[in-house]
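What follows is a set of notes on a single structure, which appears directly below.
Quick note: the coordinates plus some simple rules give every number you see, no bench work behind them. From a predicted model like this one, the values you see are computed outputs, not experimental measurements. Please note: Cβ atoms are built from the backbone with ideal geometry, for glycine as well, and neighbour counts cover all protein chains shown.
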């Protein structure tokens with residue numbers, strides 16, 4: 001890609017990020033105003049559940065799809081890849097759908113702390129299916145280099161759920177908040193998938209005829225890495241929020257989810273920088289000295305910016321609660337210090353964890369992700385029972401510091417040492 005093309009894509013990505021952040025703030029404000037902390041907790045549970053099971057439905061194959069499409073010019077081969085992944089998604093979702101239909105009340109109680117959300121659980125089956133198809137569609141567009149269509153798909157995925165949530169506000173109750181999120185996710189995903197289906201002539205018969213076991217085997221190298229990363233990110237948040245709902249209250253689970261949405265602003269912005277600039281650069285380096293130099297330069301650039309942004313967020317915590325949330329979120333103020341410190345260390349840790357990702361150090365990456373998830377979940381259970389709700393942000397800080405130490409060790413042992421003599 002030319003320099004002007006890269007700058008254009010980067011500019012579009014920044015625009016898309018800006019829309020995503022603004023939309024996220026509007027959704028947060030809407031939930032805080034009309035549904036309070038309880039609605040915030042239910043929304044968080046739903047979002048993490050769909051992301052977790054949607055990624056499981058495609059079993060991490062979307063990463064392999066990007067790689068294969070980047071190196072494949074054969075239309076037939078591409079159609080085989082798409083058909084095979086769709087078959088996998090439909091197979092996994094058949095199992096998920098049967099479980100959700102049979103145990104909808106049980107899932108409702110364990111996920112939301114109430115039995116009367118069984119209908120939401122059943123309808124969410126379609127949202128989870130569409131999330132898997134959305135991941136496939138975005139992987140295809142990425143592999144084909146169709147960046148405009150990809151950014152449009154990501155834009156729709158951000159804006160449409162906001163519109164449907166706003167549309168259903170007159171129907172009072174948290175159930176309709178979740179219906180709005182479900183409807184928005186389905187509509188935005190189906191639009192993108194319909195484009196892919198039209199481009200490759202995908203019909204039920206074509207999908208069946210082009211499904212290939214051999215192709216499926218070639219897409220599997222990244223499965224473990226993606227599934228563990230997804231489970232450690234979304235799965236642990238679902239479990240922690242469920243624990244808060246059961247042991248303390250839905251109100252407190254909503255306060256914590258509100259704090260997570262504040263964190264998302266800094267983390268999402270930083271993740272885009274790492275994805276667009278840092279990951280491609282460190283992927284290209286093979287020598288230890290070059291990797292060390294790039295890590296140092298990235299740290300020198302990103303650490304001061306992260307510190308200033310998070311410090312500003314902490315100093316503005318009263319204003320954030322008043323403008324972005326509502327008075328019912330006032331207790332959230334006690335979570336800011338340790339949560340934002342945890343975000344600071346998490347951003348620093350990405351300087352090293354992205355090295356593991358770039359160099360495909362699957363074993364080290366998986367272990368480090370599991371260490372963070374397990375440490376955070378169990379330390380939260382222990383400290384909350386002993387010292388109360390406000391310690392949840394402290395456990396997050398301790399977990400990110402521990403995670404930083406682990407990835408530092410793994411990068412030195414698994415990457416820098418092995419590249420020392422290259």
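Structure summary
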{"quantity": "Neighbour-count ranking [beta-carbon atoms within 10 angstrom, fewest first] of 300, 293", "calculated": "300, 293"}
{"quantity": "Convex hull volume per residue in cubic angstrom - Cα atoms of the chain", "calculated": "142"}
{"quantity": "Pairwise centroid distance, computed over Cα atoms, of the stretch 93-153 with the stretch 179-206, Å", "calculated": "13"}
{"quantity": "Mean-position separation - Cα centroids, the stretch 12-42 and the stretch 234-286, in angstrom", "calculated": "14"}
{"quantity": "Order of 79, 413 - criterion: other Cβ atoms within 10 Å of each residue's Cβ, fewest first", "calculated": "413, 79"}
{"quantity": "Value of [θ]222 nm, deg cm²/dmol, for the chain, DSSP H segments ≥ 4, -39500 (n - 2.57) each, nearest 500", "calculated": "-27500 deg cm²/dmol"}
{"quantity": "Euclidean distance between Cα centres, the stretch 44-75 to the stretch 380-421, Å", "calculated": "27"}
{"quantity": "Fewest-first sequence of 90, 40, 98 by Cβ atoms within 10 Å of each Cβ", "calculated": "98, 90, 40"}
{"quantity": "Projected-area average for the stretch 280-401 over all orientations - Cα convex hull basis, square nanometres", "calculated": "8.9"}
